1. Mind checking whether some residue in the stretch 44-52 is in contact with a Cys (Cβ under 7 Å, 6 or more places away or on another chain), surrounded by 11 or more Cβ atoms within 10 Å (Cβ to Cβ) and modelled with pLDDT of 95 or more?
2. Please determine, by comparing only the residues of the stretch 252-269 that are aliphatic (A, V, I, L, M) and more than 16 Å from the ligand (Cβ to nearest atom), which one is farthest from residue 112 (Cα to Cα).
3. Can you tell me which residue within the stretch 241-251, out of those that are buried (at least 24 other Cβ atoms within 10 Å of the Cβ) and farther than 16 Å from residue 282 by Cα, is farthest from the ligand (Cβ to nearest atom)?
4. When you scan the stretch 1-111 for helices (runs of 4 or more DSSP H) that lie fully inside it, which ones turn up with 3 or more residues that are touching a residue at least 12 places away in the same chain (Cβ under 8 Å)?
5. Condition first: among the β-branched types (Val, Ile, Thr) and in contact with a Leu (Cβ under 8 Å, 6 or more places away or on another chain). Now tell me which residues in the stretch 308-362 satisfy that.
6. If you check residue 272 against the conditions, is it within 16 Å of the ligand (Cβ to nearest atom), surrounded by 17 or more Cβ atoms within 10 Å (Cβ to Cβ) and aliphatic (A, V, I, L, M)?
7. Report every pair of residues separated by at least 6 positions or lying on different chains whose Cβ atoms are under 8 Å apart, first residue within the stretch 372-388 and under 22 Å from residue 315 (Cβ atoms), second among the acidic types (Asp, Glu).
8. Could you list all residues from the stretch 148-183 that are more than 26 Å from residue 356 (Cβ to Cβ) and among the basic types (Lys, Arg)?
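The values are calculated or read from the model by the stated rules, or taken from the named source; none is laboratory data. All of these numbers come straight from a predicted model, not from anything done at the bench. All Cβ positions, even for glycine, are placed from backbone atoms using ideal geometry, and neighbour counts span all protein chains on display.
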Amino acid sequence: MSFFASVEMAPGDPILGLTEAFVADPRPGKINLGVGIYCDEQGKIPLMKAVRDVEQSLAKAENPRGYLPINGLKAYNELTQQLLFGADSPLLAEGRVATAQTIGGSAALRVAADLLKQTAGTGAKIAISNPSWGNHHVVFRTAGFELLEYRYYDKATHGLDFAGMLEDLGKLEPGTVVLLHACCHNPTGVDLDAAQWQQAIELMKERQLLPFVDAAYQGFDKGLDADATAIRLLAASGIEAFVVANSYSKSFSLYGERVGAISMVGRDRDEAARVLSRIKTTIRSIYSSPAAHGAYLVAGVLGNPELRASWEDELGGMRTRIHEMRAGLVDGLVAAGLPQFDFINRQAGMFSYSGLSKAQVERLREDFAIYALTSGRICVAALNRANLDAVVAAIAAVS
Ligand code: PMP
């Protein structure tokens, strides 16, 4: 009898399963709006110019391949802190931020989840927006958290249920972790504005909650600083402790290099140093130390003024293209007699909760070879001038 005889098949990942079905689909002209990847006008994942330049100089340098420290590359961590908190942030000057490079934003979430669970003990609770990226639930449940939800998306307006959100946050017990999306909320594309952030932050401060910001799309909506509004307002709020998990998968188009970081803010330098020591023991117990190549690429770009300018420029181009595709989709749908989709213009980032039903999404796939999530989430960043008309026509046909 095999040791594994009783192991049952795990349910497939809905997003990755969709990609498998897409790849296997023989129909020409098939379109994948399911997965969260930015594609350029040619439908390809871009290799950013600044990244390519660093990669070429790394190849020439023929560096030996030693281990990175447990918390990763020092320059990468410092540059990450500057990007998230602002180069002139008092938090950085005061040494209040403990940062470690992680294996993508996913490991940042997992390392923080394990550490926060150790600190909170048995009663660890986290409140997650309804809806949220599916892996948020998986990561925190696996780490031993009790999962709670706060209202977020308003189906009727396709916008934010801010009153519901505040009401739900206001009922949480002190010490509850609150997971927040810095910008470009996945899956809805619905974000808080600065005034709403301010109000939510005051409430979290008053209720002694622990804000945990997931920043996976910095630079994809308004710009690098504007997309860090939540982090900057938290830093200025007087809240003593909060957490930021960030990912460079999208902003550097480095998905498979697994580049991210966890940053934990403490009340002072001493607290941050103790927290960093715990981050390190947590990382050590899971994967010892992060992978080096992607970190050299990101640090090489961010640390070089010329390459950084080139990266910011290209990122700005990606942002503009997403905005254009979003507007193009809405214009096309309005022209097709569907003005009710104009809310898509108010959503931000790579995703839109299109409001399409499960049945409509299934028809898109069966009749038009257009793949979207059954929740109605579409990836606007996978649209381009060549496929936009087909998508508009298909949505019009199922509407
Ligand atoms: N958080 C959110 C909200 C995301 O959408 C993603 C990526 N889909 C991540 C974290 C994880 O990022 P990474 O791929 O870098 O692990």
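1. First, pick out the residues of the stretch 44-52 that are in contact with a Cys (Cβ under 7 Å, 6 or more places away or on another chain): 45.
Remaining after also requiring surrounded by 11 or more Cβ atoms within 10 Å (Cβ to Cβ): 45.
Filter once more, keeping what is modelled with pLDDT of 95 or more: 45.
Yes, the conditions are met somewhere in the stretch 44-52.
2. Just the residues of the stretch 252-269 that are aliphatic (A, V, I, L, M), to begin with: 254, 259, 261-262, 264-265.
The next check asks that each one be more than 16 Å from the ligand (Cβ to nearest atom); those that pass are 264-265.
On the way: 264: 8, 265: 12 Å.
In this case the residue turns out to be 265.
3. So the residue we want is 242.
4. Values: elements: 14-24, 49-61, 74-85, 90-93.
Ranges flagged: 14-24, 49-61, 74-85.
5. Step one: list which residues in the stretch 308-362 are among the β-branched types (Val, Ile, Thr), which gives 320, 322, 330, 334, 344, 361.
Result: 344, 361.
6. Values: within 16 Å of the ligand (Cβ to nearest atom): no; surrounded by 17 or more Cβ atoms within 10 Å (Cβ to Cβ): yes; aliphatic (A, V, I, L, M): yes.
In short, no.
7. What qualifies is 384/40; 384/41; 385/41.
8. Across the stretch 148-183, the qualifying residue is only 171.
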